[in-house]
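Chemist: Below is the structure I would like to discuss, written out as structure tokens.
The values are calculated or read from the model by the stated rules, or taken from the named source; none is laboratory data. If you're wondering where the values come from, they're calculated on a predicted model, not measured in any experiment. Note: ideal-geometry Cβ built from the backbone for every residue, glycine included; neighbour counts use all protein chains shown.
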Ligand SMILES: CC(C)(COP(=O)(O)OP(=O)(O)OC[C@H]1O[C@@H](n2cnc3c(N)ncnc32)[C@H](O)[C@@H]1OP(=O)(O)O)[C@@H](O)C(=O)NCCC(=O)NCCS
């Protein structure tokens, strides 16, 4: 079981001496050089899976608070009952996500998605209805998000480098309530 070999932690210092390579230079560079400064500025928090007894990072992800503006996406707000509508719908954004190339296609990315769904529903400290991501507009990446329940936020970015994707946490919350009576 892959998880038995990994330690999960919140970034607590600059990740000096840790090795990580997901084959994407921007994501590699963000992890090595920008993740901790973002955290110090309270702009994004990074979490990582470290291979036990090594300095190898199997995967990391960075999160920040976000919202879907109701005037830009009226159909999103319409999915909320009228008396509970505001100018924006609360969300969490996956600002960065990378799985080291040696650990890709072993469902670690999907396990991270399951963890996030759980985190932002069960005992969450604030309201959060959506998980958002700006997915690279590449077949494998889009397929990954779709397999994990995400859909496109808009068709306007279909020819752009990244596509905004969303996952509604409400159905997941209802399932959790049914299963665990929470
Ligand atoms: C995209 C990424 C996060 C996916 O994580 P992962 O742990 O490799 O993905 P999973 O093993 O959970 O994949 C789940 C499903 O997504 C799809 N998928 C994932 N990677 C894919 C790829 N390269 N090509 C086609 N489908 C892919 C498959 O349907 C897969 O299911 P299967 O392996 O049973 O067929 C990871 O490959 C990665 O970090 N890539 C480089 C950086 C990157 O592009 N990050 C995304 C930024 S938006």
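Chemist: Is it the case that residue 166 is under 23 Å from residue 67 (Cα atoms), more than 7 Å from the ligand (Cβ to nearest atom), outside any strand (DSSP E or B) and at pLDDT 95 or above?
Modeler: no
Chemist: If you don't mind, another one. Taking the condition of being touching a strand residue (DSSP E or B) at 6+ places or on another chain (Cβ under 9 Å) and assigned to a helix (DSSP H, G or I), how many residues in the range 73-91 meet it?
Modeler: Residues that pass the stated criteria total 2.
Chemist: Which residue is nearest to the ligand (Cβ to nearest atom), if the candidates are limited to the range 118-152 and must be part of a helix (DSSP H, G or I) and buried (at least 19 other Cβ atoms within 10 Å of the Cβ)? Before the answer, list the steps.
Modeler: Just the residues of the range 118-152 that are part of a helix (DSSP H, G or I), to begin with: 118-119, 139-147.
Subsequent filtering for residues that are buried (at least 19 other Cβ atoms within 10 Å of the Cβ) retains 144-145.
Numbers: 144: 4, 145: 8 Å.
Per the stated criteria, the residue is 144.
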